[in-house]
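What follows is one structure encoded as structure tokens, with my remarks underneath.
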Amino acid sequence: MRIDVVTIFPGYLAPLREALLGRAIEAGLVEVAVHDLRDWTHDVHQAVDDAPYGGGPGMVMKPQVWGEALDAVLAADERPARLVVPTPAGRPFRQSTAQAWAGEQRLVFACGRYEGIDQRVVDEAAARMPVDEVSIGDYVLVGGEVAVLVMVEAVARLLPGVLGNPVSAEQDSFSDGLLEGPAYTRPLTWRGLSVPEVLRSGHHGAIARWRRDRALERTADRRPDLLAALPADALDAADRAF
Ligand SMILES: COc1ccc2nc(C(=O)O)sc2c1
């Protein structure tokens, strides 16, 4: 997969080259290119925004600059791309979104700032490629860059070879519709708190059952909406007995 990010703050995306994802890039498992939107300005002030039609607070990012930038970035690689535009007005970004995007050959992220990007940029792009306007949560950031860091990590960790243990991704929170339960490691007792006995029993069936019960318990307590959204056949008799 190739990932392109267009932004007026390229430095915001530096964390993409750290740790696990940085190693994946070095290993060639994923390609990441970050582009400075101002490279496609032509005036001395490198203007990327202007006042909104209809009035109102803040500024809107200019369509001409974005149009030239996306044309150039898309032309840099022949692989078909999905354009992703982070926005507070977007559809929710979920694990299912990350799983769907992990199958893409190419993702191009357009990071807005100010009051956002002129809508015609999205509308014009949608005539030639898939476009997703997405939000990472019910809060408002200052720009799209942090949302891109979140989404790129969520997608990249699903790509073959990126995670050391692929089973981890299969046992994530949300992968089975439930939140993950508690996890423990050594020492056996820490500040008077001990690891649940069942986890030391070596009884794999009992351990699996305990873990499932803790996941159900935590999901019911913290995200009852996820429990309600589970397909009818997702819970077996033992789950229902819990
Ligand atoms: C202007 O660009 C923005 C501003 C806020 C914002 N908030 C997001 C979110 O997902 O919460 S994406 C995003 C993009």
So A89 fits all but one of (1) over 17 Å from I8 (Cβ atoms); (2) more than 14 Å from the chain's Cα centre (by Cα); (3) surrounded by 15 or more Cβ atoms within 10 Å (Cβ to Cβ); what number is the exception?
(3)
Of A14, A24, the only residue that is loosely packed, with under 14 Cβ neighbours inside 10 Å and within 19 Å of the chain's Cα centre (by Cα) is A14
Looking only at segment 130-140, and only at residues there that are assigned to a loop (DSSP other than H, G, I, E, B), modelled with pLDDT of 95 or more and within 15 Å of the ligand (Cβ to nearest atom), the one that is nearest to W101 (Cα to Cα):
I136
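Quick one: is G161 in contact (Cβ under 8 Å) with a residue 40 or more places away in the chain and more than 17 Å from M1 (Cα to Cα)? Walk me through how you get there before you give the answer.
Details: in contact (Cβ under 8 Å) with a residue 40 or more places away in the chain: yes; more than 17 Å from M1 (Cα to Cα): no.
So G161 fails the test.
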Looking across segment 141-157 at residues that are assigned to a helix (DSSP H, G or I) and surrounded by fewer than 22 Cβ atoms within 10 Å (Cβ to Cβ), the single one that is farthest from the ligand (Cβ to nearest atom) is E153
Here the qualifying pairs (Cβ atoms under 9 Å; residues six or more apart or on different chains; first in segment 12-38 and of a type in the set (S, T, Y); second modelled with pLDDT of 95 or more and in a helix (DSSP H, G or I)) come out as Y12/E145; Y12/V146; Y12/V148; Y12/L149
Would a scan of segment 209-229 turn up a residue that is in contact (Cβ under 8 Å) with a residue 12 or more places away in the chain, under 20 Å from S96 (Cα atoms) and surrounded by fewer than 14 Cβ atoms within 10 Å (Cβ to Cβ)?
yes
Exactly one of (1) assigned to a loop (DSSP other than H, G, I, E, B); (2) more than 16 Å from the ligand (Cβ to nearest atom); (3) in contact with an Asp or Glu (Cβ under 6 Å, 6 or more places away or on another chain) is unmet by E104. Its number?
(3)
Here the qualifying pairs (Cβ atoms under 7 Å; residues six or more apart or on different chains; first in segment 120-147 and in contact (Cβ under 8 Å) with a residue 60 or more places away in the chain and under 25 Å from A14 (Cα atoms); second in a helix (DSSP H, G or I) and of a type in the set (A, V, I, L, M, F, W, C)) come out as E145/L13
Number of positions in segment 185-208 that are among the small types (G, A, S) and either closer than 26 Å to S96 by Cβ or exposed (fewer than 10 other Cβ atoms within 10 Å of the Cβ) (or both):
4
Looking only at segment 27-38, how many residues end up being surrounded by fewer than 16 Cβ atoms within 10 Å (Cβ to Cβ) and assigned to a loop (DSSP other than H, G, I, E, B)?
3
The condition from (1) part of a loop (DSSP other than H, G, I, E, B); (2) within 16 Å of the ligand (Cβ to nearest atom); (3) of a type outside the set (V, I, T) that A98 misses is numbered (1)
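The values are calculated or read from the model by the stated rules, or taken from the named source; none is laboratory data. This is a predicted model, so every value here is computed, not measured. Neighbour counts run over all protein chains shown; Cβ positions are idealised from the backbone, glycine included.
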